[in-house]
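Okay, structure first, notes after.
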Amino acid sequence: MLKLSNTKIWLKPLLILVAVSIGIFGILRGIDFLLIREGVHPFAVLYSTDIGNLTNTLSGLGEVIVAILGIEITVIAIIVQLAANKYSSKIMDLFVGDRFNVAVISLYVITSINTVLVVNTINERSLNYFSITFTLVLIILSLLFVIPHFNYIFNFLRPENFLAYVSRSALNKLENMPGELKGILKTKRKTKEDIDFIGDIALNSVFQGDRAVTILSLTSLREILVDYFTIKSNLPKEWFRITDEEKIDPDFSSYSEFVLSHIEKEKIYLERKILSLYEVIFNNSKTKLRDVASGVLLNTQLITIEAVRWGDKGAIENCLKYFNSYLRASIRDKDPRSAFNTLEHYRIIAEEMLSKFPEIVEKISVYFKYYGQEANKNQVLFILETAAHDLCRINEIAHQKKVGNIKELLDLFLTVDEPAEAGEKELSAKEVSLIGVRIAQVKLAGYYLLHGEEELARVIFRDMQVEPLARIKKIEGIIFGTEQEEFWEVTPRGVNFYYIKPEARSALKQFFAWFS
């Protein structure tokens with residue numbers, strides 16, 4: 001036995017169609033009655049006086065409409081099911097819920113019913129010419145709508161269109177949040193379904209190697225979150241509470257009560273929801289679809305910058321945790337390229353934060369140091385060196401913005417390198433990375449000297465005095481021997497870390513002279 005909620009799914013549209021069909025037929029019969037009573041027959045000249053011919057023609061047209069309806073349903077069933085298999089089963093729900101699709105299918109059904117009713121009420125005593133004319137108009141409209149409706153279906157099933165549809169749906173729900181608890185929970189559930197739908201499309205597209213659709217999905221999720229920041233402060237407190245339903249959500253089910261309470265306290269439910277999907281996509285694409293993984297990093301960067309703009313520290317801390325998770329996953333899988341790309345987006349965020357949250361940039365510097373050294377321990381080379389050059393850039397921007405904790409940032413930068421073992425005749429691969437760190441520090445010293453900050457450059461000099469003179473000479477040789485600014489391989493950054501501009505080289509001559 002069907003539940004009442006399932007019965008409503010078919011009973012409500014059935015009653016609506018019956019009511020509309022009978023209503024139209026009743027109105028038509030009423031108009032015909034009035035015209036016949038007044039002896040007015042404006043449409044009589046359009047039709048044959050042979051009742052049998054008129055009835056057969058109209059019956060045949062009714063059969064045509066039924067046949068077209070069958071074709072429509074067949075084509076729709078095939079096309080929509082193929083799209084649902086490729087992307088997500090919820091596409092069926094979207095299609096059925098679309099008003100235009102419902103209107104077109106309803107037009108075919110109502111036209112067919114009306115044709116049957118009109119044909120069976122034609123007689124010689126009272127020819128219902130108005131009903132016949134109206135029925136023919138419905139039949140013509142039904143025929144005209146066939147090709148446009150097919151075009152609409154194909155356009156509707158384009159990923160960019162149904163993703164935009166779902167994104168708008170999610171935002172409309174958030175912007176029109178009801179005040180009562182029941183409505184808030186319903187909105188939360190519906191919003192979660194929309195986000196899960198986009199996430200499913202992204203994951204399925206990753207597994208199918210469809211990069212364009214995956215990146216579209218990532219962008220849609222980011223746009224939802226960016227717009228969400230504009231209304232977040234006005235949302236009721238019940239929205240941010242973690243309910244029992246959320247606790248069994250795949251994106252939250254693995255979290256302890258401590259983590260869930262933290263999410264609730266920091267009001268980062270939606271941020272954690274979307275970034276959890278980002279993390280899954282990143283882990284499944286970083287070695288197979290690198291441009292998709294880069295899309296995850298870029299969108300996470302844009303979300304973080306938006307959180308910085310709104311001053312949402314809870315959202316900022318949440319985004320930083322995900323960047324740290326991206327780094328951890330890259331180091332764990334010994335994937336230096338993903339870590340390399342992650343650090344670049346992470347550094348851009350730090351640069352954006354310097355004006356508003358310089359204290360958080362100190363934490364980011366600690367993270368750079370930690371994951372750089374973790375990479376070195378796990379033999380994921382070049383990451384520590386990359387982290388050092390990114391920290392060099394952060395310190396340069398900090399000086400340009402005249403932040404208050406510039407000395408603290410410099411001290412953190414100078415602790416990135418690990419002491420090299422003295423007495424070795426040949427440099428190990430690990431030591432090569434450490435020399436790269438020293439080169440980054442020397443570059444910063446050159447920047448300071450170029451801008452008249454000799455005391456800051458002296459801090460770097462004193463830190464490097466422990467190095468053997470031979471190593472200092474080697475670093476000097478590398479720097480002055482690098483003439484090419486662009487790196488000689490195709491990389492996302494494209495820059496050669498060892499290159500220093502001519503004006504900074506002149507300043508570095510003074511720096512290296514201090515050692516001798």
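Each value in this text was obtained by applying a stated rule to the coordinates, not by laboratory testing. Since the model is a prediction, treat every value here as computed from it, not as a measurement. Cβ sites come from the backbone with ideal geometry, for glycine too, and all protein chains shown count toward neighbours.
The fewest-to-most ranking of Val361, Val80 by surrounding Cβ atoms within 10 Å reads Val80, Val361.
Sorting Ser325, Ser217, Ser256, Ser506 from the fewest to the most surrounding beta carbons within 10 angstrom yields Ser256, Ser506, Ser325, Ser217. Bridging of Lys474 to lysines at a Cα separation below 21 Å is possible for Lys425, Lys430, Lys443, Lys501, Lys509, once same-chain residues fewer than 8 apart are set aside. Amide hydrogen proximity for Phe382: with H placed 1.01 Å from N in the peptide plane, no residue at 5 or more positions away or on another chain lies under 5 Å.
For the chain, the dipole from Cβ point charges (+1 on Lys and Arg, -1 on Asp and Glu) about the Cα centre works out to 640 debye, to the nearest 20. The phi torsions of segment 245-261, fed into the Karplus equation with coefficients 6.51, -1.76 and 1.60 and a -60° offset, translate into couplings of 5, 5, 5, 9, 5, x, 7, 10, 5, 7, 7, 6, 4, 4, 5, 4, 5 Hz, rounded to whole numbers, with Gly and Pro shown as x. Sorted ascending by nearby beta carbons within 10 Å, beginning with the fewest, Met92, Met177, Met464 become Met92, Met177, Met464. Here Asn496 and Asn324 are evaluated by their C-beta separation; at R0 = 35 Å the FRET efficiency comes out at 0.80. Each Lys and Arg Cβ is given +1 and each Asp and Glu Cβ -1; about its Cα centre, segment 301-343 then shows a dipole of about 160 debye.
Just check segment 181-237 against the gyration tensor rule for me: Cα atoms, a ≥ b ≥ c as the square roots of the eigenvalues, rounded for a/c under 1.5, and otherwise prolate or oblate depending on whether a/b exceeds b/c. Taking the square roots of the gyration eigenvalues as a ≥ b ≥ c, segment 181-237 is oblate. Can you tell which of Ile248, Ile16, Gln400 lies farthest toward the positive end of the dipole of the chain, using +1 and -1 charges on the Cβ of basic and acidic side chains (Lys, Arg; Asp, Glu)? The residue sitting farthest along the positive end of the dipole is Ile16.
Identify, among Pro336, Met464, Asn283, the residue whose Cα sits farthest towards the positive end of the charge dipole of the chain, taking +1 on the Cβ of Lys and Arg and -1 on the Cβ of Asp and Glu, with the dipole about the Cα centre. The listed residue farthest towards the positive side: Asn283. Prolate is the label for segment 49-142. Its Cα gyration tensor axes, ordered a ≥ b ≥ c, give a/c of at least 1.5 and a/b above b/c. For the chain, the 222 nm mean residue ellipticity estimated from helices alone, with every DSSP H stretch of n ≥ 4 adding -39500 (n - 2.57) and the total spread over all residues, rounds to -25500 deg cm²/dmol.
Per residue, the Cα convex hull of the chain amounts to 217 Å³. For the pair segment 218-295 / segment 150-195, the C-alpha centres are spaced 17 Å from each other. Using only side-chain charges placed at the Cβ, +1 for Lys and Arg and -1 for Asp and Glu, the dipole size of segment 103-253 relative to its Cα centre rounds to 260 debye. Karplus-based coupling profile of segment 155-163, in residue order and whole Hz: 5, 4, 8, 6, x, 5, 7, 6, 5, with θ = phi - 60° in 6.51 cos²θ - 1.76 cosθ + 1.60 and x standing for Gly or Pro. Report the local net charge at Ile475: Lys and Arg +1, Asp and Glu -1, summed over other residues whose C-beta lies under 10 Å from its C-beta. So the environment of Ile475 carries a net charge of +2.
Here is the P(r) of segment 159-300: all C-alpha pair distances, binned every 5 Å from 0, give 2, 10, 21, 21, 20, 14, 8, 3, 1, 0 in whole percents.
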